[in-house]
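Notes for the one structure printed next.
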């Protein structure tokens, strides 16, 4: 199963390394026998599907998730089966890379409307009258 990051490209399985270990948590005695925990590693540097600019963007957005080997490491051990944990780990990688590659829209500066200017001035006048009314009469 490829990890489809955007409609334009997906991370091939060749770029993803998966190792398995004994999981803690749910599963009863089965936990002691089977390796259901999935450790997914994806090298940003070694990726052939990302451009140079995209790699820089992924590194800057996922700086806390990238280790010293320039790899994104994801652990999944919530489910009782290895297959479900593999699916969860891949979908988590998909979400992380998709969010990292999303370029936010630039904010376009706008002018306040005529009515908002009038409302602001009216509220200032009202506030001023209230303060004037509190003054001592000489």
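Key figures
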{"quantity": "Option label - Cα extents along the principal axes in Å computed here, alternatives [x] 54, 35, 24; [y] 91, 42, 28; [z] 44, 39, 25", "calculated": "[y]"}
{"quantity": "Extension gain (nm, one decimal) between residue 19 and residue 95, 0.36 nm per residue minus Cα-Cα", "calculated": "25.3 nm"}
{"quantity": "Mean separation of Cα contacts under 8 Å, 6 or more apart, over the residue count of the chain: relative contact order %", "calculated": "22 percent"}
{"quantity": "Footprinting exposure proxy for 118, 137, 11 (fewest neighbouring C-beta atoms within 10 Å first)", "calculated": "137, 118, 11"}
{"quantity": "Hull-based mean projected area of region 63-138, where the convex hull spans the alpha carbons, in square nanometres", "calculated": "13.1 nm²"}
{"quantity": "Packing-based ranking, highest mean first, of 103-113, 47-57, 75-85 given that Cβ atoms within 10 Å are counted", "calculated": "75-85, 47-57, 103-113"}
{"quantity": "Peptide ranges 32-38, 68-74 listed from the most packed, as the mean C-beta count within 10 angstrom indicates", "calculated": "32-38, 68-74"}
{"quantity": "Calculated [θ] (222 nm, deg cm²/dmol) that DSSP helices of n ≥ 4 give over the chain, each run adding -39,500 (n - 2.57)", "calculated": "-13000 deg cm²/dmol"}
{"quantity": "Relative contact order (%) - region 9-74, alpha-carbon pairs under 8 angstrom, separation at least six", "calculated": "32 percent"}
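All of the numbers you see were taken from the coordinates with simple rules; none came from a lab. Every value quoted in this text rests on a predicted model; they were computed, and no experiment measured them. Every residue, glycine as well, gets a Cβ built from its backbone with ideal geometry; the counts of neighbours run over all protein chains shown.
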